[in-house]
Amino acid sequence: MLPFSQNSHYKLRFLVLFLWVSHLVDSKSGFELDESLTYLWPLPSEFTSGNQTLTVDPTLSFSALGKEGNSKILIEGFERYKKIIFKRVSGISLFDKSRGIRSVYDISELRFIVNSDSEELQLGVDESYALFVAKKDGKSIVGEATIEANTVYGALRGLETFSQLCDFDYETKSVQIYKAPWYIKDKPRFAFRGLMLDTSRHYLPIDVIKQIIESMSYAKLNVLHWHIIDEESFPLEVPSYPKLWNGAYTKWERYTIEDASEIVSFAKMRGIHIMAEVDVPGHTESWGAGYPDLWPSSTCREPLDVSKNFTFDLISGILSDMRKIFPFELFHLGGDEVHTDCWTSTPHIKQWLNDQNMTAKDAYQYFVLKAQEIAVSKNWTPVNWEETFNSFPSKLNPRTIVHNWLGPGVCPKAVSKGFRCIFSNQGAWYLDHLDVPWNEVYSAEPLEGINNVSEQNLVLGGEVCMWGETADTSDIQQTIWPRAAAAAERLWSKREAVSARNITLTILPRLQYFKCLLNRRGVQAAPVTNKYARQPPIAAGSCYEQ
C-alpha cells in the first residue's frame, strides 16, 4: 500500500489529468445551433417553416415563367448562386458512382415567376419576393422551389434567401434544406440600404470593389455610395477635363471611364445602385494638381475658388461626363467640412466677396446652391451632407436629400421641413470607428425621434460609411464585415423583429452564423465580438462562437 502522501500525490495528478481531458472533450464537443432561431440574414418579413429535411439536386435546373424568362440578370444570377450552393458538391459521389447508385433528390428545379419585364434600376424598385420550398406529394419525384417577384431584382433577393436555406451536409455530402416546407414572403423596410466606399484615401483595385459589391448582395444592401475623390487624390478619368486625374497618387491608381462603367454594370447585375459623389466645395485640394486655377492660391488650396466661372464650368463638365456613366437618379454633392479661411485671406476672393456683398458663409451657400442647380439641370436629385441643411435649410433645393452623419436628431429636423433624409450617424454607422461594437451598430434606428408616419416615409433609409484613411485592400473587408450586416438587417427587416430585448441571445448567434457564411463564401469578415473591429481572433475557437 502506498504511503498516504504518495497516494494523495497520485490522486492529485489523476484529478488534474481528468479535468484536462474533460476540458478537451468539452472544447471539441462542437457548436450546436439554437433551433428556436431562424438563421436567415437579414430576417424575412414573414415566414413559416416545418420539420422536414429535403435534398437538393446538384444539377438543379432553372425554369422561368412570366415576362423575364430570358433575363440575363436572372439567368446569370441563378448560375452564380448555383456555384455558391454546390461549391462542395460535384454530383454523384465517387463511392456511389462506383456502385452504380443514382441519387433521387427532393428539389430538382428552381422555378421563377417574374411579373414585370422592366429591368430599370432606380430608387424604390420593387424588391419584394415570395419563396416556397416543399417536397411534392407522392405524385412526382420532382420537388418544388418557386420564387415569385414583381421584378427581376426581387427575384435576386429571393435567390439569396434560397441560397441561405441550402446547407452542405458533411455526412451525406449533399446539399440539404432543413425545417421544410418553407413559405417566405419578404420585402425591405427601407428603399435605400447603403455602404459608402472611399477610394480617395486609399485606392481600391476594380476587383476589390467588385468583391465588396458581391458581398453587399449577400446582406441585401442595395446602394454603393462611391466617394471616388477627395483632397488626397483624384483617381477618376474625366474626359472633358483630362488633367484632373493628375491628382491621382500615381498613374497606376486610377479609374478609367470604362472601369467606372464596368462597376456600374457589375452592380446592376446584383440589383445594386452606384451613387457617385463629387464633394464640393471642400475636400478638393487634389483637383488643383491638374488645374491650379481652382485653388484660391498656390499656398491656400481649398475650398475651390468661388470667385471664378471656370470653377463652375469645370464642375458642370465633370457632372456631364459622369451622367453618361452613372444612371442612378441620386448624386452626392458633399458640402461637408467647408473651412472658408482661404476665401477670406486670399486678396482676389476677398475682393469678390466685397463686390458681391457676401460673407464667407454666404459664399458657401452660393456655391452649394449653384452646384445643386448644375446637378438638377442634368436630371439628378442632389444629396448633401447635413452641414448644408444645418446652415441654410430654407435655401436648399426642395428635392435635396439630407445625409446625416454628425449625430442623432438631424433626420427628425430634416423631415419635419419636408426634406428626405439618409441616416448615417457617425456614432454608430461609421465603420472606421473601430471601437463601435456590433450591438451598437445593430441598435441604431433611422426613425428614432420620428413618430409621424408621413415624416417617417421621408427617411429613405441609411448607410454605413467605410472611410478609407486606415483601410485599404489588406483590411477593408474585415473592417466592413460583419458590422455592416448588423445595419443591413436593421434596414431590411421589420422594426419589431429587430427590436428584441436581449439581442445577445436572439441576434448575436444569427449574426455569428452569417459571419461564418461570409467566410465560407470567401469574404474576410472579422469575428463579431471583437473589442476592436477587424482585430484577429484572440484565441482558438469556433467561427460560430467568435
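Considering only Cα-Cα distances, which of the following residue pairs are longer than 30 Å: LYS210/LYS308; LYS268/LYS494; LYS72/LYS251; LYS268/LYS413?
On the way: LYS210/LYS308 38 Å; LYS268/LYS494 25 Å; LYS72/LYS251 35 Å; LYS268/LYS413 33 Å.
From the list (LYS210/LYS308; LYS268/LYS494; LYS72/LYS251; LYS268/LYS413), the Cα-Cα distance tops 30 Å for LYS210/LYS308; LYS72/LYS251; LYS268/LYS413.
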Carbon and sulfur: what percent of region 469-517's accessible surface (1.4 Å probe)? 53 percent
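Per residue, how much accessible area does the chain have with a 1.4 Å probe, in Å²?
Details: 24360 Å² over 546 residues.
Value returned for the chain: 45 Å² of accessible area per residue.
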Eligible lysines near LYS378 by straight Cα distance, threshold 18 Å, same-chain separation 8 or greater: LYS324, LYS370
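Summing -39500 (n - 2.57) over the DSSP H runs of n ≥ 4 in the chain and dividing by its residue number, what mean residue ellipticity at 222 nm do you reach, to the nearest 500 deg cm²/dmol?
Values: 19 runs with 188 residues, N = 546.
It comes out at -10000 deg cm²/dmol, rounded to the nearest 500.
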With a 10 Å radius around each residue's Cβ, average the other Cβ atoms per peptide and rank 44-51, 323-330, 415-422, highest first. 415-422, 323-330, 44-51
Given the peptides 255-266, 445-456, arrange them by the average over their residues of other C-beta atoms within 10 Å, most packed first. 255-266, 445-456
How do ASP293, ASP169 stack up against each other in accessible area, from largest to smallest, with a 1.4 angstrom probe? ASP293, ASP169
Compute the distance from the alpha-carbon center of region 272-313 to that of region 368-433, in whole Å. 20 Å
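Restricting to Cα pairs below 8 Å that are 6+ residues apart, what does the relative contact order work out to for the chain? Please round to a whole percent.
Values: 1062 pairs, mean separation 71.8, N = 546.
Answer for the chain is 13 percent.
Within region 307-444, what whole-number % of the accessible surface is contributed by carbon and sulfur, with the 1.4 Å probe and all protein chains included in the calculation?
47 percent
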Hey, rough spin-label estimate for ASN309 and ARG323, points 7 angstrom out along Cα→Cβ, what's it come to in nanometres? 2.0 nm
What is the magnitude of the charge dipole of the chain about its Cα centre, with +1 placed on the Cβ of each Lys and Arg, -1 on the Cβ of each Asp and Glu, and no other charges, expressed in debye to the nearest 20? 1680 debye
Under a cut-off of 21 Å between alpha-carbon atoms, report the lysines in cross-link reach of LYS179, not counting same-chain residues fewer than 8 places apart. LYS82, LYS135, LYS136
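With a 1.4 Å probe and all protein chains kept in place, how do ARG254, ARG520 rank by accessible area, largest first? Display every interim value, and only then the final one.
On the way: ARG254 65, ARG520 110 Å².
Largest accessible area first, the residues go ARG520, ARG254.
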Run the 1.4 Å probe and let me know the accessible area of TYR364, rounded to the nearest 10 Å². 20 Å²
Along Cα→Cβ, 7 Å out, is where each label goes; now give me the distance between the ones at ASN70 and GLU35 in nm to one decimal. 4.9 nm
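Which value, in debye to the nearest 20, describes the size of the charge dipole of region 105-240 about its Cα centre when Lys and Arg Cβ atoms bear +1, Asp and Glu Cβ atoms bear -1, and nothing else is charged? Write down the numbers at each step before the final one.
Details: 14 positive and 22 negative charges, 131 e Å.
For this selection, approximately 620 debye.
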Taking a straight Cα-to-Cα line shorter than 15 Å from LYS350, and setting aside same-chain aspartates and glutamates fewer than 8 residues away, one finds GLU302, ASP305, ASP341, ASP362
What nm distance separates the two modelled labels at ASN51 and ASN115, each placed 7 Å from Cα along Cα→Cβ? 3.5 nm
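The values are calculated or read from the model by the stated rules, or taken from the named source; none is laboratory data. Here the structure is a predicted model, which means the values were calculated and not measured. For neighbour counting, all protein chains shown are included, and Cβ atoms are generated from backbone atoms with ideal geometry for every residue, glycine included. Ligands, DNA and RNA are excluded from the accessible area calculation, which covers all protein heavy atoms including side chains. Shrake-Rupley method; radii C 1.70, N 1.55, O 1.52, S 1.80 Å.
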